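The values are calculated or read from the model by the stated rules, or taken from the named source; none is laboratory data. Here the structure is a predicted model, which means the values were calculated and not measured. Methodologically, a virtual Cβ is constructed for each residue, glycine included, from the backbone with ideal geometry; neighbour enumeration extends over all protein chains shown. All accessible areas refer to the heavy atoms of the entire protein, side chains included, with ligands and DNA or RNA removed. Shrake-Rupley method; radii C 1.70, N 1.55, O 1.52, S 1.80 Å.
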Amino acid sequence: MHGIMKSKGFSSDLVRSSADLVILALLRDRPMYGYEILVTLADRGNGEFQFKQGTLYPVLYRLEREGWIRAKWETPPKGKKRKVYSLTSSGKRVELNRREEWRRFTVAVESILREVDDE
Amino acid sequence: MSRVGRERVEAFLRELEEAVGGAQDQREEISDEVRADLDEHMSRFEEEGCSEDEAVERALSEMGNPYELGYRMRSEVPPFSSGPVRVVRYLLSGGLIAWVLLLTWGLRGMGYGLSPVLFLLIWGMHLPVIALLWPMIVWKRNWMYSMSLGIVAAIAIVFLSFMGQKSELSYTLMVAEGPALEGPVDLDGVVQSSDGQPVEGALVSWTRGPERTWGLTGPDGGFSFIGLPDGELMVSVAVGELGPEWFTVEEGELSPSLVLSISQAEAAALVPDESDHLESDGSGGIEEKTVPLAAGFSLFVITMLFSMQQSSQRKGVLLALLAGFAVVEVPYQLEELTFRQDVAKVGEYLEGLEAEGRSLPVKEVLEQDLAALGLWNNKLRIPDWDYGLNMWWPRPLSDSCSIGYDFDDDRIWVQD
């Protein structure tokens with residue numbers, strides 16, 4: 001998953017490790033199609049998370065293969081037919097676990113950094 | 001969008017499809033998704049003030065190299081197959097499942113009681129073939145990686161099947177002489193392995209109509225039946241869980257040497273033999289070589305397949321395995337339950353006779369009494385007392401086998 005996103009201030013390793021979580025978290029809100037995910041990530045991430053469009057699809061396909069998201073072609077009343085991704089029940093569990101894990105991770109890292117700063 | 005812009009986008013999508021490969025409908029689905037997103041992306045650039053050419057340029061630029069993108073997609077997406085391949089895949093899968101069910105069904109009929117190990121052995125050995133037919137179950141990055149386990153496992157199945165056809169599986173029934181033309185006859189003989197070693201503990205039985213008896217061969221492989229009725233008899237020899245093989249013995253005619261060949265190689269490789277019969281000839285016995293190997297191999301395959309699968313597919317495969325197990329096991333469990341109930345009813349009836357000090361009634365009365373007991377199976381029968389107090393029930397689910405119960409020894413077994 002090299003070059004997964006173009007980030008203004010984050011290393012590629014850091015954003016790569018959080019790619020699954022942020023996409024799953026977005027889809028928990030509502031089903032979205034690929035481009036919509038890109039735009040929403042950029043909006044909610046204060047411009048920091050900017051996936052290159054070409055790198056989004058392999059991530060989505062992998063999440064789908066894992067069974068965490070499912071894809072369905074839908075045609076809105078106004079607009080083109082789009083492939084819409086939604087979270088599966090398995091994906092919801094994974095998202096919760098990853099979210100909890102991420103919070104513990106950031107707290108632990110923050111704690112370490114704070115101690116180092118104090119010294 | 002201008003013609004030039006559209007052509008650039010379509011050229012990009014063609015190259016992407018080329019890199020993705022696989023079935024046409026799968027390529028087109030990916031292409032349609034990317035096209036729709038590209039169009040929206042370009043529209044947004046134009047809304048931001050870009051010219052149409054610039055919008056096309058920037059949108060395609062963010063997509064990156066189409067070949068690189070296609071290769072990355074291909075490594076993540078389990079490949080679809082073309083229509084004819086899918087039809088063949090479904091047909092082969094259906095045939096394989098039917099074959100495995102038939103095999104499991106037949107082997108299950110040769111034993112009494114739950115046999116999850118047998119089930120695991122058979123299905124574990126055939127799962128790799130399913131994985132070969134459906135590589136998307138274990139899809140990881142490319143065909144070579146995804147298919148390697150299935151190919152290795154399939155080769156191992158062939159290897160094990162050939163092991164089941166070792167020469168030790170042939171036995172010879174030697175008889176001293178054929179039965180006399182008239183009157184009670186004696187039948188003596190010996191069961192030998194193919195290399196001439198006596199086989200101890202082989203089950204030799206004869207039957208004619210409802211009459212039947214059996215004996216186990218001694219250390220020298222010998223057996224003896226005294227005072228058999230004349231006329232045509234069926235003689236069988238069973239070694240451990242293998243066989244039995246049946247022979248027709250007509251008046252005055254019995255081949256002095258009958259070779260019992262076990263043709264069901266897979267059965268031989270899979271069915272555990274709990275006795276030591278085959279080891280008595282010093283050849284090592286098939287179970288010594290193949291059953292641990294098959295069991296270990298099956299568990300390895302099942303573990304590997306489950307570890308390679310995606311989480312969503314594990315549940316499906318597990319459910320399919322459980323369904324297969326239920327299809328085979330539930331009918332046999334019901335059959336054995338009803339047999340046990342019939343045995344209990346007949347046992348109570350016989351104890352009642354004993355308590356009243358009565359002897360067993362004549363055959364006609366006995367049949368009427370059994371009919372009045374409301375047995376599950378009206379084919380249940382009690383042979384004449386002369387041959388022991390036993391009950392026999394031809395298995396409705398596997399008519400080549402009979403469940404037997406010995407009132408004297410309180411023992412249930414399956415005569416296969």
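Please verify whether B:I130 is touching a Gly at 6+ places or on another chain (Cβ under 9 Å), at pLDDT 80 or above and closer than 30 Å to B:E76 by Cα, treating the condition exactly as stated. Spelling it out, it is not the case that B:I130 is touching a Gly at 6+ places or on another chain (Cβ under 9 Å), at pLDDT 80 or above and closer than 30 Å to B:E76 by Cα. Only helices (runs of 4 or more DSSP H) whose full extent lies in the range B:1-82 are considered here, and the ones with at least 2 residues that are away from chain A (no Cβ under 12 Å) and open to solvent by 30 Å² or more (accessible area, probe 1.4 Å) are B:3-20, B:24-47, B:52-63.
B:M136 meets all of the listed conditions (1) in a helix (DSSP H, G or I); (2) open to solvent by 30 Å² or more (accessible area, probe 1.4 Å); (3) more than 14 Å from chain A (Cβ to nearest Cβ) but one, namely (3).
For the range A:61-119, enumerate the residues that are over 19 Å from A:A25 (Cα atoms) and of a type in the set (D, E). Once the filter is applied, which keeps residues that are over 19 Å from A:A25 (Cα atoms) and of a type in the set (D, E), the range A:61-119 yields A:E74, A:E110, A:E115, A:D117, A:D118, A:E119. Number of residues in the range B:88-128 that are surrounded by fewer than 18 Cβ atoms within 10 Å (Cβ to Cβ) and among the β-branched types (V, I, T): the value is 3. So, in the range B:342-351, of the ones that are at pLDDT 85 or above and loosely packed, with under 14 Cβ neighbours inside 10 Å, which residue ends up farthest from B:W376 (Cα to Cα)? Per the criteria, the residue is B:E348. Among the residues of the range B:103-123, those identified as in a helix (DSSP H, G or I) and more than 16 Å from B:A323 (Cβ to Cβ) are B:L103, B:G106, B:L107, B:G109, B:V117, B:L118, B:L121.
Taking the stated definitions as given, is B:V85 more than 9 Å from chain A (Cβ to nearest Cβ) and at pLDDT below 85? Yes; evaluated as a whole, the condition is true for this residue.
Yes/no per residue for (1) of a type in the set (A, V, I, L, M); (2) more than 30 Å from B:E68 (Cβ to Cβ); (3) at pLDDT 85 or above:
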site: A:K8; (1), (2), (3): no, no, no
site: A:V15; (1), (2), (3): yes, no, no
site: A:L38; (1), (2), (3): yes, no, yes
site: A:F51; (1), (2), (3): no, no, no
site: A:A71; (1), (2), (3): yes, no, yes
site: A:P77; (1), (2), (3): no, yes, no
site: A:R82; (1), (2), (3): no, no, yes
site: A:T88; (1), (2), (3): no, no, yes
site: A:L113; (1), (2), (3): yes, yes, yes
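The condition (being free of Cβ contacts under 8 Å to residues at least 40 places away in the same chain and among the basic types (K, R)) is satisfied by just one residue among B:R89, B:R74, B:R58: B:R58. Hey, among the residues in the range A:33-55 that are of a type in the set (A, V, I, L, M) and touching a strand residue (DSSP E or B) at 6+ places or on another chain (Cβ under 6 Å), which one's nearest to the other protein chains (Cβ to nearest Cβ)? Top of the filtered list is A:L38. Selection of first residues in the range A:10-33 that are among the β-branched types (V, I, T) and of second residues that are open to solvent by 10 Å² or more (accessible area, probe 1.4 Å), restricted to Cβ pairs under 6 Å at least 6 apart or on distinct chains, gives the following pairs, ordered by first then second residue: A:V15/A:M5; A:V15/A:S7.
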